[in-house]
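The values are calculated or read from the model by the stated rules, or taken from the named source; none is laboratory data. Remember, it's a predicted structure, so these values are computed and weren't measured experimentally. Cβ atoms come from the backbone with ideal geometry, glycine included; neighbour counts cover every protein chain shown.
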Ligand SMILES: [Zn+2]
């Protein structure tokens with residue numbers, strides 16, 4: 001759920017950026033050795049006050065004008081959050097969307113590679129501003145693969161998931177395999193990070209924080225708090241490399257770091273060094289990246305409730321939370337196909353977090369006795385980029401029940417389109433149901449609900465996260 005904190009970055013832009021990256025990868029590799037700048041070592045305890053002066057203005061500019069504005073760290077599921085929740089551990093599932101077999105050696109190399117790439121980032125937090133972790137222990141806790149026989153010489157302790165769904169990307173790009181393996185949502189932190197009371201089947205050690213999502217014929221890479229997506233051949237060819245440009249870049253997004261492919265997205269006057277987060281600009285993590293990562297940590301840890309497992313002292317003033325972003329639903333005009341005369345569609349965005357699906361302590365929205373397809377709509381006073389909504393369904397044990405299904409639609413300027421790559425669309429009672437989708441720029445959003453049988457539908461609160 002969104003609650004106080006909101007959204008991650010737009011993943012569509014990441015695709016574009018990373019395809020540039022891939023194109024530049026070979027070109028850059030020859031020059032990389034000499035370009036490599038001496039990377040600041042974390043020696044002893046350092047703080048933000050130790051940031052070199054030449055980096056300061058650009059790092060601060062990016063934090064304020066990109067990361068805060070876009071809410072790239074607003075959702076409490078950045079890799080910082082994941083590491084804190086796992087007390088210095090990160091668990092991956094490898095999502096194998098490829099027809100190529102993987103040897104046992106390659107699987108072991110993949111696990112080591114993930115640990116290496118992750119620690120190339122996190123080693124620069126060691127000894128910095130209260131970061132309590134040394135080496136981050138990265139584990140592959142499962143493989144999601146449609147055809148388990150691709151895992152050659154499978155060991156008895158290897159966990160394999162063979163459930164699949166359909167990759168909608170394959171309808172636009174027929175070279176992408178349509179069959180998409182999935183690991184159980186019940187084990188996914190991404191699905192549950194917002195719920196402190198959720199318990200993972202088998203315990204927290206069994207959860208997975210991110211996917212390494214490996215796709216045949218995929219161009220470039222994408223990354224977010226759900227993990228990193230790369231091409232299968234790229235993975236194989238870089239398996240034993242020290243720093244892996246695309247994979248590290250995409251992991252950077254998991255920490256909330258942003259892309260810089262448009263000029264107006266870069267600091268005025270440019271960067272004082274190269275950066276791996278500007279596609280094609282660097283094939284390794286630079287001093288600028290290190291201080292951007294550290295700066296981000298220093299900002300996020302000011303939210304004293306955010307990292308419960310990270311001990312710290314609270315000397316000095318605690319700054320205001322870096323952002324109070326996000327639920328742009330609050331400012332929207334709500335409307336609907338139908339409201340029962342005694343209910344009120346303004347309940348959708350009155351800002352009240354219900355305690356259950358039958359919480360009638362505040363206004364509620366319901367459309368009894370209507371059935372079939374009904375909708376609710378938000379009109380914004382300006383265009384917003386949106387990629388997540390959270391719905392708390394109304395269910396009164398009588399005539400109102402959660403819907404059978406629903407769609408999220410956006411106004412495309414001429415009509416209503418379904419959002420793409422919608423993940424979630426849950427109908428659980430007594431909780432927010434988070435749905436994420438490919439970001440869209442729009443002035444209006446709709447939920448189109450299909451009722452179950454003779455029951456009507458209703459909503460207690462509908463949140464919309466802005467990027
Ligand atoms: Zn990117």
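Key figures
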read-out	value
Among (1) over 30 Å from residue 169 (Cα atoms); (2) buried (at least 21 other Cβ atoms within 10 Å of the Cβ), the one test that residue 130 misses	(2)
Residue 297 being over 26 Å from residue 144 (Cα atoms), more than 15 Å from the ligand (Cβ to nearest atom) and in contact (Cβ under 8 Å) with a residue 40 or more places away in the chain	yes
Residue in segment 274-282 that is more than 14 Å from the ligand (Cβ to nearest atom) and not in a helix (DSSP H, G or I) present	yes
Failed criterion for residue 112 (all others in (1) surrounded by 17 or more Cβ atoms within 10 Å (Cβ to Cβ); (2) over 22 Å from the mean Cα position of the chain (by Cα) hold)	(1)
Residue check for residue 17: within 16 Å of the ligand (Cβ to nearest atom) and either outside any loop (DSSP other than H, G, I, E, B) or modelled with pLDDT of 50 or more (or both)	yes
Residue check, residue 249 loosely packed, with under 15 Cβ neighbours inside 10 Å and more than 20 Å from residue 88 (Cβ to Cβ)	no
Count - residues of segment 188-204 that are over 24 Å from residue 463 (Cβ atoms) and either part of a strand (DSSP E or B) or in contact (Cβ under 8 Å) with a residue 60 or more places away in the chain (or both)	1
Total residues in segment 222-241, condition over 18 Å from residue 116 (Cα atoms) and within 12 Å of the ligand (Cβ to nearest atom)	2
Residue, surrounded by the most Cβ atoms within 10 Å (Cβ to Cβ), within segment 252-261, restricted to residues that are over 17 Å from residue 61 (Cβ atoms) and more than 7 Å from the ligand (Cβ to nearest atom)	255
Of all residues making up segment 276-307, the number that are in contact with a helix residue (DSSP H, G or I) (Cβ under 8 Å, 6 or more places away or on another chain) and either modelled with pLDDT of 95 or more or within 18 Å of residue 247 (Cα to Cα) (or both)	21
Any hit, segment 171-182, residues being in contact with a strand residue (DSSP E or B) (Cβ under 7 Å, 6 or more places away or on another chain), within 16 Å of the ligand (Cβ to nearest atom) and not in a helix (DSSP H, G or I)	no
Subset of segment 226-246 [touching a helix residue (DSSP H, G or I) at 6+ places or on another chain (Cβ under 6 Å), in contact (Cβ under 8 Å) with a residue 60 or more places away in the chain and surrounded by 19 or more Cβ atoms within 10 Å (Cβ to Cβ)]	244, 245, 246
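Residue-wise test of (1) modelled with pLDDT of 90 or more; (2) part of a helix (DSSP H, G or I); (3) within 30 Å of residue 87 (Cα to Cα).
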{"position": "325", "(1), (2), (3)": "no, no, yes"}
{"position": "334", "(1), (2), (3)": "yes, no, no"}
{"position": "354", "(1), (2), (3)": "no, no, no"}
{"position": "362", "(1), (2), (3)": "no, no, no"}
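Conditions (1) farther than 16 Å from residue 458 by Cβ; (2) touching a residue at least 60 places away in the same chain (Cβ under 8 Å); (3) surrounded by 15 or more Cβ atoms within 10 Å (Cβ to Cβ), marked per residue:
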{"site": "339", "(1), (2), (3)": "no, no, yes"}
{"site": "343", "(1), (2), (3)": "no, yes, yes"}
{"site": "354", "(1), (2), (3)": "no, yes, yes"}
{"site": "375", "(1), (2), (3)": "no, yes, yes"}
{"site": "379", "(1), (2), (3)": "yes, yes, no"}
{"site": "393", "(1), (2), (3)": "no, yes, yes"}
{"site": "406", "(1), (2), (3)": "no, no, yes"}
{"site": "413", "(1), (2), (3)": "yes, no, no"}
